[in-house]
Amino acid sequence: MERQGSQTTQRVVFVRGRMVVDGRCNSCGDSVVVAEFRDELSHREFGLSGFCQKCQDVVFAPHPQNAARG
Ligand SMILES: [Zn+2]
């Protein structure tokens, strides 16, 4: 069965051999490198919020003080 979702297709371009999303992070304004997304979920979150992985880490961190290191 075919899924009829409203999935956004992000245009991907190559900049200096790196795969980046054709667009900028909504938060920090940096180029968004596809490889930096931790997983599919983070990539999808970018489609929703427009935040790069770095900003997602900050925005969605549950408790920055208790964040596990390593
Ligand atoms: Zn960002």
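Starting from 0.36 nm per residue, how many nanometres of slack lie between ASP22 and ASP39 once their C-alpha separation is accounted for? Intermediate results must be reported in sequence, preceding the final value.
Numbers: separation 17, 0.36 × 17 = 6.12 nm, distance 1.87 nm.
Full extension of this stretch gives 4.3 nm more.
Under a plain spin-label model, where a point goes 7 Å from the Cα along Cα-to-Cβ, how far apart in nm are SER31 and VAL13?
Computed distance between label sites SER31 and VAL13 equals 0.9 nm.
Computed from the coordinates by the stated procedures, all read-outs in this text should not be read as laboratory data. Computed from a prediction, not measured in an experiment: that's the story for all the values here. Here the Cβ is made from the backbone with ideal geometry for all residues, glycine too, and neighbour counts use every protein chain on show.
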